[in-house]
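Asker: Once you've had a glance at the structure underneath, I'll fire off some questions.
The values are calculated or read from the model by the stated rules, or taken from the named source; none is laboratory data. Keep in mind that this is a model prediction, so the values were computed, not measured. These accessible areas exclude ligands, DNA and RNA; they are computed on the full protein's heavy atoms, side chains included. Shrake-Rupley method; radii C 1.70, N 1.55, O 1.52, S 1.80 Å.
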Amino acid sequence: MPKPEAGKAEACCWCLSHCCILYGIFGVVLMTWFGFLVQNKSLTFQLAKAKQDNPDEWDYDKKAKACFSGAVLYAITCLISIGCRQMIKRAQTNRYQSMRD
């Protein structure tokens, strides 16, 4: 079975890293927004609390902390994707320079 070309694999990783960066940025913004809404006891989350079987168990601070933790995880994913993109770009540059020499 022939090995896939390095260019195709790099192109796939390049596209996936862009996708992860976009989802990471979107996730950071969204989870941070939800965290602030929960922390400030927004009307939307007060209605969600009222629909629960035990509304007294609803802890706004705990839920806000979970949203902020999710935002941090999205940020870490975004940073890893940016690092992957930089490594691919560096590898491509090194390959083209070695071909020129």
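Asker: Report in % the part of the accessible area of segment 23-101 that belongs to carbon and sulfur, leaving out ligands and nucleic acids; probe 1.4 Å. Don't skip to the end; give the middle numbers.
Answerer: Values: 3700 of 6150 Å².
That fraction is 60 percent.
Asker: Next question. Using only Cα atoms, what is the ratio of the radius of gyration of segment 20-101 to 2.2 N^0.38 Å?
Answerer: This ratio for segment 20-101 stands at 1.75.
Asker: Hey, what did segment 15-101 get for relative contact order, percent, Cα under 8 Å, at least 6 apart?
Answerer: Reported as a whole number, the value is 48 percent.
Asker: Using only the C-alpha atoms of segment 55-100, find the volume of their convex hull and express it per residue in Å³.
Answerer: In segment 55-100, the Cα hull volume divided by residue count equals 36 Å³.
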